[in-house]
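This report refers to the structure that appears directly beneath it.
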Amino acid sequence: MAMNCKPVPTLDERINDIRGRTAEIINNDILPNEGTLWAARRHDETVSERAEVLELRASIQQKVKQAGLWAPHLPQEYGGMGLDFLAHAYMNEVLSYAIGAAKLFGVVAPNSGNQKILVKYGTEQQKQDWLLPTIEGTMESGFSMTEPHNPGSDPRAIDTTAVLDGDHYVINGHKWFTSNGIEADFFIVMCRVVDKSAMEPGGDRKTGPMVQIIVPTATKGVNIVRGIGVWGKRSTDHCEVKYEDVRVPVANALGRVGDGHQAAQDRLGAGRIYHCMNCIGQMWRAFDLMVQRAATRQVHGGLLADQQFTQGAIADSYIDIQTARLFTIHAAEKIDQGLSAARTDISAIKVYVPSAYTRVVDRAIQIWGAAGVSNDLPLFGMYQGARTLRIADGPDEVHKILIAKNVLGRYAKGEGWDFGN
Ligand SMILES: Cc1cc2nc3c(=O)[nH]c(=O)nc-3n(C[C@H](O)[C@H](O)[C@H](O)COP(=O)(O)OP(=O)(O)OC[C@H]3O[C@@H](n4cnc5c(N)ncnc54)[C@H](O)[C@@H]3O)c2cc1C
């Protein structure tokens with residue numbers, strides 16, 4: 001079924017035009033080819049099948065570029081659309097209706113997050129060396145922050161160290177879940193700058209200032225231990241990486257030493273709105289699939305759609321999607337007033353939307369029966385993705401703590417919460 005995406009009366013003509021043209025490519029070029037486009041992920045395709053797939057992807061990417069819809073997250077000077085925050089959020093819900101479409105629009109994690117950080121913190125040379133090649137598609141990247149022996153939900157717990165040695169940093173640490181790790185040409189690695197003495201037995205590796213450092217994956221000492229198996233897959237591109245005496249020039253540090261934590265917050269804060277809009281596009285798709293099936297499947301001599309259990313699932317899903325969507329748009333609008341004004345709502349949507357997404361996909365799977373968990377439909381991947389999102393980018397609990405802290409802080413000042421603002 002094609003996505004039904006008509007102009008939104010409250011949006012300006014420019015955003016509606018972008019959404020309309022995005023939906024055209026989704027409906028005409030991506031949805032009809034979904035089975036073929038991502039067939040390479042089966043890992044059992046022949047050489048000629050793979051070549052065909054790559055050609056098809058390249059031709060769609062060309063179309064996207066010609067339509068001026070490439071890289072919505074980047075400024076025009078770097079070949080992107082130069083969209084403001086809200087326009088990008090509204091475009092995301094349309095392009096994520098089709099599985100994998102983000103890649104064909106040049107906005108795929110972790111490259112997109114790294115690109116934003118390079119635009120904001122990178123020197124001119126870093127932009128030439130690392131940003132432009134990822135935009136042109138000649139380089140891939142990863143973001144390496146989480147460590148197996150420290151809680152990722154407390155990013156300040158990291159102990160990967162960078163010790164200054166002349167005009168180089170020497171990096172030592174152990175990371176995991178560095179996504180895109182197999183393909184990446186470089187990682188942005190979250191480190192702590194410490195003195196040599198910290199590296200002695202019993203030394204303090206946990207209190208130095210944080211900095212993100214660009215590390216080419218071909219550098220001696222960057223050891224990819226494995227692609228971690230996830231959701232039953234034997235191996236994925238979420239990699240465990242050991243950094244063992246990795247020497248990189250000081251010029252590879254991104255921003256000032258001490259900016260690392262802020263840079264990670266910049267990356268994740270706004271990015272959570274995009275992730276939530278992606279979830280909404282996918283819920284929209286799951287909803288269409290659910291209703292379509294209910295309207296055609298006969299059970300016990302009648303249509304599924306005529307059963308009240310099914311009607312309940314449709315109504316509950318409608319409520320989940322509308323709530324998630326309006327809440328996310330509200331948070332996106334707040335970002336225009338500054339990230340700090342939106343922080344409580346960003347955490348709230350980061351908790352609410354993935355769980356609403358899980359519920360909607362769960363119902364869609366139920367209505368499809370066995371087909372719902374089959375590889376013939378995108379629902380099983382959505383289900384895994386939705387569940388994973390409750391952990392990645394900050395687990396639910398961490399966000400709930402932040403919401404409560406902000407609310408309680410307001411009341412402690414003698415103010416109530418103003419839900420109108
Ligand atoms: C598919 C996938 C891709 C990822 N990609 C990347 C990547 O590219 N780069 C990267 O650096 N990282 C990546 N991550 C890691 C991710 O950011 C971390 O998993 C996340 O931050 C949680 O950290 P953790 O796994 O160490 O869990 P922990 O910090 O050990 O937390 C475990 C659980 O404890 C609970 N918890 C935490 N704090 C509290 C509290 N105060 N009160 C009660 N309960 C609490 C939460 O339920 C949490 O899930 C990825 C993860 C996944 C699953």
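Values in this text are rule-based calculations from the coordinates and carry no lab data. Remember, it's a predicted structure, so these values are computed and weren't measured experimentally. Neighbour counts run over all protein chains shown; Cβ positions are idealised from the backbone, glycine included.
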Task: Rough spin-label spacing in nm, given labels placed 7 Å along Cα→Cβ, for Gln366 and Leu11 - done: 3.1
Task: Acute angle (nearest 10 degrees) that the helix 111-121 long axis makes with the longest principal axis of the chain, alpha-carbon atoms - done: 50
TODO: List Tyr97, Tyr383 from most exposed to least, where exposure is judged by having the fewest other Cβ atoms within 10 Å.
DONE: Tyr383, Tyr97
Task: For segment 261-412, convex hull volume per residue from C-alpha positions, Å³ - done: 115
Task: Relative contact order, percent, segment 141-254 [alpha-carbon distance under 8 Å, six or more residues apart] - done: 31
Task: ³J(HN,Hα), Karplus 6.51/-1.76/1.60, whole Hz, each residue of segment 366-378, x for Gly, Pro - done: 4, 5, 7, x, 4, 4, x, 9, 7, 6, 6, 10, x
Open item on the list: Of all beta bridges DSSP finds with both residues in the chain, what is the antiparallel percent, to the nearest 5?
Closed with: 80
TODO: Please give the peptides 54-60, 185-191, 18-24 ranked by average Cβ packing (other Cβ atoms within 10 Å per residue), highest first, as a rough proxy for protection.
DONE: 185-191, 18-24, 54-60
Task: Length released on extending from Met199 to Gln128, taking residue separation times 0.36 nm less the Cα-Cα span - done: 22.2 nm
Open item on the list: So if the hydrodynamic radius of the chain is defined as the Kirkwood radius over C-alpha pairs, what does Stokes-Einstein give as its diffusion coefficient at 37 °C and 0.692 mPa s, in µm² per second?
Closed with: 143
Task: Percentage relative contact order, the chain, counting C-alpha pairs under 8 Å, at least six apart - done: 12
TODO: Quickly estimate the mean residue ellipticity at 222 nm for the chain, helices only: each DSSP H run with n ≥ 4 gives -39500 (n - 2.57), and the total goes over all residues, rounded to 500.
DONE: -15000 deg cm²/dmol
Task: segment 314-343 versus segment 1-75: alpha-carbon centroid distance in Å - done: 25
Task: Value of relative contact order over segment 280-421, rounded to a whole percent, pairs C-alpha under 8 Å and six or more apart - done: 24
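Place the peptides 353-359, 231-237, 99-105, 215-221 in order of packing, highest mean first, counting for every residue the other Cβ atoms within 10 Å and averaging per peptide.
353-359, 99-105, 215-221, 231-237
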Open item on the list: Quick check on my link table: of Lys175/Lys334; Lys175/Lys233; Lys120/Lys405; Lys334/Lys405, which ones sit more than 22 Å apart, alpha carbon to alpha carbon?
Closed with: Lys175/Lys334; Lys120/Lys405
